[in-house]
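Beneath this line is the structure, given in structure tokens, with notes to follow.
The values are calculated or read from the model by the stated rules, or taken from the named source; none is laboratory data. Please read these numbers as outputs of a predicted model, since none were measured by experiment. A quick note on method: Cβ atoms are made from the backbone with ideal geometry, for glycine too, and the neighbour counts reach across all protein chains shown. Side chains included, ligands, DNA and RNA excluded: accessible areas come from the protein's heavy atoms. Shrake-Rupley method; radii C 1.70, N 1.55, O 1.52, S 1.80 Å.
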Amino acid sequence: MLSRTLYTALLYATSPLIFSLLLKTKKGKPPVGERWKEFVGITPELANSQQPIWIHAVSVGEVIAATPIINALQHYPQQPLLITTTTSTGAERVAALAGHIEHRYFPADYPCAVKQFINRMNPALCLIMETELWPNMLTICEDNNIPTIVVNARLSERSQQKYRRFQSLFSTPLQKITHILCQDEDDKRRFRTLGLSEDKLSVTGTVKFDVQFSESIINQGLALRQQLGQQRPVVIASSTHKGEDEIVLAAFNCVKQQHANALLILVPRHPERFDDVATLCQTQFPHTQRRSQTQSTDDLSNADVYLADSMGEMPVLLAASDICFMGGSLIGDKVGGHNLLEPATLSKPCITGPSYYNFADVTAQLLDCNGVAVVNDEIELAEKLNALIAQPETARAMGLQAKSVVDKNKGALAKIMHKLTYFIDLTMSQTRVK
């Protein structure tokens, strides 16, 4: 049984390993630099002395999910927003957001670091995106009367089993959470098995269904498509992982035998892999172009593979594509897939591998309406791509079905903001009384 005292001792004992991982420099990853001190709670003062609303979003995916909420929270102009991330890529994404927002790195879960961070930042309340639950942080927030609300919370069967395995560590900290806004009833049920009372749990849906792409994003996608070639099929392989690029390229080689003018946009999930994937692509397809090495005026109509070695441009790349394969799903159960809602929002027909447990509910809804196809290997991927390219009307109908799932589930943002408004107003009124 792992108690919080033992957990904290293990944290301190493994500090060299923790910091080597946090600060490790990788190709394509923005460096943390002098800001490493923030991981131990040595955090610069905020520009605004007002108590901020603190939103913790681990990395890029959570920042993207939090963006509609961040935008909505700016209706409280007197309440500055503090966004914390664990990764430098997440920090880069926050830097691109508009409004009265400041970013800090999330301190490692050492009691002294968290206490110092909270004393310096003095947040009014804390919103935790999805399920980033740290025992010391939750305990110290309650000790300082800071409400903690988990937003867009999801808990897979695997995660539930992990929490139950460490029940002695998490049972008390979990009780200190003020409220959890679950994505669906299954998530709520799983949280309840961890000892959360009914009055601390609500179902608001996932804010990811409320994703919206600006006219600027769409126009950038159309401009890219013009560069790539209007009269050719364009397939995007999104968020691929190590070992998956080979599968996708082998499948695309089969596609090229039937559709010689087809183009593959390949988007590796992790920037440190960009150079290795570029070498892999060029070995098989000499007419490979890298996004980082092309200009907006370049003619890319002769490219076979377009390697998207950039960050934060997925919507633009999706808007330029016809069909989307979602990565993280064809390499066993290591990853569990990625979110299909961005391509679905853009009415793109979707393909995934069999491992999509991290997004089982969304994928199930897309399967029910024929908005996604599941393939098991490179042969099935090639066959499905060839079929959709050969039957554009079928592909278009499939994309519209995917979009219908998004439209049907919209509204989570309004439900989330209704709940958050209650807690924010309550916190602000208590602050004024003090």
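Just a few scattered comments:
- Candidate aspartates and glutamates for bridging to LYS115, where Cα separation is under 12 Å - those fewer than 8 sequence places away on the same chain excluded: GLU142, ASP143
- Nonlocal amide H pairs with ILE351, under 5 Å, H built at 1.01 Å: CYS324, PHE325, MET326, ALA373
- At full extension, SER214 and LYS334 could sit 39.9 nm farther apart than now, given 0.36 nm per residue minus the alpha carbon distance.
- Largest-first ellipsoid semi-axes for segment 89-131, taking √(5λ) over the Cα gyration tensor eigenvalues, angstrom: 21, 13, 11
- Between GLN282 and ASP361, full extension at 0.36 nm per residue minus the direct alpha carbon distance yields a gain of 24.7 nm.
- Ranking of VAL203, VAL277 by solvent-accessible surface, largest first: VAL203, VAL277 (1.4 Å probe, protein heavy atoms only, all chains present).
- From the coordinates shown, mean projected area of the Cα convex hull in nm² corresponds to which of (i) 20.7; (ii) 23.4; (iii) 26.5: (i)
- Residues of segment 211-242 with amide N under 12 Å of the 7 Å Cα→Cβ point at SER301: 226-232
- Segment 1-105, accessible area per residue, ligands and nucleic acids excluded (1.4 Å, Å²): 50
- Of the trypsin sites (Lys or Arg not before Pro) found in segment 332-397, those in coil by DSSP whose Cβ has at most 12 other Cβ atoms within 10 Å are LYS334.
- Rounded to the nearest whole Hz, the Karplus-based 3J(HN,Hα) values (6.51 cos²θ - 1.76 cosθ + 1.60, θ = phi - 60°) of segment 194-211 follow the sequence 8, x, 6, 6, 4, 6, 9, 10, 9, 10, 10, x, 9, 5, 5, 5, 8, 4, with x at glycine and proline.
- Cross-linked pairs LYS200/LYS415; LYS188/LYS410; LYS188/LYS419: no Cα-Cα separation exceeds 23 Å.
- Accessible-area order (highest first, 1.4 angstrom probe) of the listed residues TYR356, TYR306: TYR356, TYR306
- Kirkwood-type radius of segment 213-326, with distances r between different C-alpha atoms, in Å: 13.9
- Probe 1.4 Å, protein heavy atoms only - accessible area per residue of segment 189-231 in square angstrom: 51
- Extension gain, ILE379-HIS75: 0.36 nm per intervening residue step, less the Cα-Cα distance, totals 104.4 nm.
- Taking amide H as placed 1.01 Å from N in the peptide plane, ILE265 has its amide H under 5 Å from the amide H of VAL235, ILE236, ALA237, TYR306, each at least 5 places away in sequence or on another chain.
- Sulfur and carbon atoms: percent of accessible area, the chain [1.4 Å]: 52
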